[in-house]
Amino acid sequence: MFDKWSSYSSLPLRLILGFGFIFHGWPKLGNGHDGFVGMLTDIGVPAPGLMAYVVGLVETLGGLALIAGAFVAIVSIPLIINMLVAMFTVALPHGFSFMNMLPEGGFGMPGYEVNLLYIAGLVALMLMGAGALSVDDMRKEKSGGGDT
């Protein structure tokens with residue numbers, strides 16, 4: 001039974017990672033752009049206005065490509081780089097946990113746990129491929145290629 005469905009194993013991962021990247025990338029191109037530029041300025045990123053658009057495009061277009069299952073291994077590389085930069089420049093000082101408790105109560109900035117989860121998911125997709133219901137799979141079938 002599991003062999004029958006194994007080609008669909010990457011589908012939920014592609015969908016949730018893709019929606020996650022779009023959810024975070026799209027605002028950087030629109031209403032949230034100025035706020036993101038301000039954050040990039042605060043942490044010393046050169047050309048923050050331009051970099052905000054670059055990051056927004058990488059996340060939005062990368063997320064769309066993941067959902068479609070198009071060029072997943074290639075698209076994963078800039079997304080992993082994006083997550084590594086975010087982890088080392090923003091999340092690392094806040095520790096590991098997604099739910100960092102503040103001394104006065106409530107929650108602070110998320111740590112690097114989420115960055116590592118995104119990276120792990122992208123690496124898994126790179127290793128197992130886009131799977132069924134993907135552009136990559138359709139391209140493989142059209143070219144007559146089998147399983148690799």
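Structure values in brief
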{"quantity": "Residues located in the range 21-38, provided they are within 19 Å of the chain's Cα centre (by Cα) and assigned to a helix (DSSP H, G or I)", "calculated": "PHE21, ILE22, PHE23, HIS24, GLY25, TRP26, PRO27, LYS28, LEU29, HIS33, PHE36"}
{"quantity": "Test: residue in the range 49-57 that is touching a helix residue (DSSP H, G or I) at 6+ places or on another chain (Cβ under 8 Å) and of a type in the set (Ser, Thr, Tyr)", "calculated": "yes"}
{"quantity": "Selected residue [closer than 15 Å to ASN115 by Cα, at pLDDT 95 or above and surrounded by fewer than 20 Cβ atoms within 10 Å (Cβ to Cβ)] from PRO78, PRO48, PRO12, PRO93", "calculated": "PRO78"}
{"quantity": "Search result, residues across the range 78-102 that are part of a helix (DSSP H, G or I) and free of Cβ contacts under 8 Å to residues at least 24 places away in the same chain", "calculated": "PRO78, ILE81, VAL85, PHE88, LEU92, PRO93, HIS94"}
{"quantity": "Near pairs, Cβ below 6 angstrom, 6+ apart or cross-chain, from the range 20-38 (at negative phi) to any residue that is surrounded by fewer than 19 Cβ atoms within 10 Å (Cβ to Cβ)", "calculated": "VAL37/PRO48; VAL37/GLY49"}
{"quantity": "Residue match in the range 99-120 (condition: among the small types (Gly, Ala, Ser), surrounded by 17 or more Cβ atoms within 10 Å (Cβ to Cβ) and either at pLDDT 95 or above or closer than 22 Å to TRP26 by Cβ (or both))", "calculated": "no"}
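The values are calculated or read from the model by the stated rules, or taken from the named source; none is laboratory data. Since the structure is predicted, the reported quantities are computational estimates derived from the model, not experimental observations. We place every Cβ from the backbone using ideal geometry, glycine too, and count neighbours over all the protein chains shown.
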